[in-house]
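Every number in this text was worked out from the coordinates using simple rules, so none of it is lab data. Nothing here was measured: the structure is a model prediction, and the numbers come from that model. Every residue, glycine among them, receives a Cβ derived from its backbone with ideal geometry; neighbour counts consider all protein chains shown.
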Amino acid sequence: MIDASASIEEIKQYIKNHKKEPIKFYITWLDNITKQKIIFIVEEILRKYKIEKYASDAVYIIMELISNTIKARYLHIITIKILEEKFPHFTKKIESGEYFDDYDIMSEYSNILKDDDTKNELKEYIRLENKLIKDIDNNIPIDEIKYSKLLLCNQDIKNKLTIKLLSRINKNDIYFEIVNDAPLTMISRTRIDSKRLTFKEYYNKNLIEKFFTEQLDNSESAGFGLALCDLRLFNQNLEPHNHLQIYDENNKTHSKLILPIRKEFSFIVYNKY
């Protein structure tokens, strides 16, 4: 396991010494130094297996997935806070992590996700985080008062809600997987699947630009980003729904990018007669 505090050299040695083990990289902020380390991990692994041709697209897709995951993490935190304030009798189950299978709690959870006040608070979190990352990138000491909302949020979830970038390799494929401890609700999953399917229909009709003008609005930035990810996969002759999978497993959100190591060969059998 490595985290964002590790140096490039430490990451390089870790990859070298753990050839057969999954690589786990823990992420808190997506500042420039963390981005550089993620790029290094991806490029180092792809170079090792001689599929550098995927590097630019893989980095773009992974960064997009991580950005979406960070937003989902904040949205989860905001939603849980509102749930506990509005429904104090839910608190015990929430604190024990036993609420995922509770219909009443998850129904209210989904309602809060869709609420405009929730979306506005998410925008405030993202705005504040962008300022914090700018300070980090400019080597400005973190102002604990100015960013107390963010810092407290991350302290509270340190051992309960994390974002991980994992890399696994088998004889045919390389897997880059982003795991978020926040759940993927049925509403969110349906929205994601629907937008990706719609984009595929536009792509097949060679109407890509029309998709972005007709199908998306300012509230659907995740849908916009995933469409661009799918477009990059199409351009690499990879079927997006096979090579970019987003799903819920054990109440965690998984976003998995799958890149082939070996080419798939098609054989034509000729009839001799």
Cα pair count fraction exceeding 14 Å, expressed as % - the stretch 16-85: 68 percent
Given the DSSP H assignment, sum -39500 (n - 2.57) over each helix run of at least 4 residues in the chain and divide by its residue total; what's the result at 222 nm in deg cm²/dmol, nearest 500? -18000 deg cm²/dmol
Determine Rg/Rh for the chain; Rg is computed over alpha-carbon atoms and Rh is the Kirkwood hydrodynamic estimate from the same atoms. 1.00
Under the 0.36 nm per residue contour assumption, what length would be gained going from the current alpha-carbon distance of residue 9 and residue 86 to full extension? 22.9 nm
Sort 197, 259 so the one with the fewest other Cβ atoms within 10 Å of its own Cβ comes first. 197, 259
Restricting to Cα pairs under 8 Å and 6 or more apart, the percent relative contact order of the chain works out to 22 percent
For the stretch 28-132, convex hull volume per residue from C-alpha positions, Å³: 141 Å³
Report the relative contact order of the stretch 76-152, percent, no decimals, based on alpha-carbon pairs under 8 angstrom and at least 6 residues apart. 25 percent
Please report the spacing between the Cα centers of the stretch 65-80 and the stretch 1-48 in Å, no decimals. 22 Å
Taking 8 Å as the Cα distance limit and 6 or more residues as the minimum spacing, I'd like the relative contact order of the stretch 14-151 as a percentage. 24 percent
